[in-house]
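Nothing in this text is a laboratory measurement; each read-out follows from the coordinates by a stated rule. This one's a predicted model, so the numbers in the text were calculated from it and none came from an experiment. Cβ placement follows ideal geometry from the backbone for every residue including glycine, while neighbour counts extend to all protein chains displayed.
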Amino acid sequence: VDRLHYRKFFEDGSSIMRCNYYPPCNNSTLTLGTGPHCDPTSITILHQDQVGGLQVFSNNKWLAIRPRPDALVVSIGDTFMALSNGRYKSCLHRAVVNRDSERRSLVFFVSPKEEKVVRPPQDLVSREGQRIYPDFTWSDLLEFTQKHYRADVATLQSFIQWLLSSKPSTF
Ligand SMILES: O=C(O)CCC(=O)C(=O)O
Ligand SMILES: [Fe+2]
């Protein structure tokens with residue numbers, strides 16, 4: 001794919017910043033700070049404080065991402081999975097709570113401009129021969145996850161079904 005392709009796609013983007021706050025919780029084995037989900041956005045750049053709690057699902061188990069003050073965690077979200085025709089996989093993750101300490105994380109979600117159509121580059125599709133996801137706009141997916149569906153393991157598949165039932169002409 002042309003080096004400039006994704007840079008151009010995101011250059012007028014409308015990204016989102018979120019600060020998560022997790023109070024200490026003495027039932028930390030019974031509850032989660034953030035349940036398992038893939039971010040619906042494109043690329044996630046996350047910084048967690050020294051308490052730690054971020055986990056990613058890999059090789060069938062949850063792995064703790066050890067906090068490092070000098071490091072950011074970069075992961076792929078659903079929109080980038082669609083933009084790469086499924087080549088880059090959206091990262092399943094969650095955050096556990098801590099019994100004794102409060103915890104904060106600061107997350108920057110790279111996202112395109114709302115009305116941008118999410119579709120993989122033509123040369124990638126020509127090589128692979130087949131599209132995996134229909135066209136959608138980032139604003140449709142954002143609306144879906146803010147008004148109709150709480151992001152989880154299956155957001156993108158559920159969104160596509162919702163999209164095709166509400167706007168059948170897209171595919
Ligand atoms: O707090 C964390 O480490 C994870 C937060 C998260 O997954 C999110 O805000 O989407
Ligand atoms: Fe997340």
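Observations, loosely collected:
- Amide hydrogen neighbours beyond the local backbone of Arg119, cut-off 5 Å, H modeled: none
- Pairs of C-alpha atoms in segment 30-141 farther apart than 23 Å represent 38 percent of all such pairs.
- Note that segment 74-84 has calculated 3J(HN,Hα) couplings of 10, 9, 8, x, 4, 5, 6, 4, 5, 5, 9 Hz, one per residue in order, obtained from phi through the Karplus relation 6.51 cos²θ - 1.76 cosθ + 1.60 (θ = phi - 60°); glycine and proline are x.
- Extending 7 Å from the Cα toward the beta-carbon at both Arg131 and Ser166 defines two label points whose distance is 1.9 nm.
- Residues Tyr22, Tyr6 arranged by fewest to most Cβ contacts within 10 Å: Tyr6, Tyr22
- Three-way shape label, segment 1-62, alpha-carbon gyration tensor, a/c 1.5: prolate
- For the cross-link pairs Lys89/Lys167; Lys8/Lys147; Lys116/Lys167; Lys8/Lys167; Lys8/Lys116, the ones whose C-alpha atoms lie over 23 Å apart are Lys89/Lys167; Lys8/Lys147; Lys8/Lys167.
- For the chain, the longest principal axis of the alpha carbon atoms and the long axis of helix 155-166 meet at an angle near 40°.
- FRET efficiency for the Ser158 to Asp100 pair, using the beta carbon distance and R₀ = 35 Å, is estimated at 0.45.
- Computed from label points 7 Å out along Cα-Cβ, the spacing between Asn26 and Val74 is 4.3 nm.
- A straight line joining the Cα centroids of segment 104-131 and segment 1-61 runs 17 Å.
- Among Ser90, Ser28, Ser139, the largest mean-square fluctuation in a Gaussian network model of the chain, built with springs joining Cα atoms closer than 10 Å, belongs to Ser28.
- Segment 107-171: GluC sites (Glu not before Pro) in DSSP loop, at most 16 other beta carbons within 10 Å: Glu114, Glu115
- Highest-MSF residue in the chain out of Val153, Val73, Val56 [GNM, Cα springs under 10 Å]: Val73
- Amide H to amide H distances under 5 Å link Gly33 with Ala95, Val96, Val97, where only residues 5 or more positions off or on other chains count and H is placed in the peptide plane.
- Candidates Phe57, Phe144, Phe159, ranked by Gaussian network fluctuation over the chain, Cα under 10 Å, top entry: Phe57
- 222 nm mean residue ellipticity, helices alone, for the chain (DSSP H n ≥ 4; -39,500 (n - 2.57); rounded to 500): -5500 deg cm²/dmol
- By the count of other C-beta atoms within 10 Å, a proxy for reagent exposure, Val74, Val97 are ordered fewest to most as Val74, Val97.
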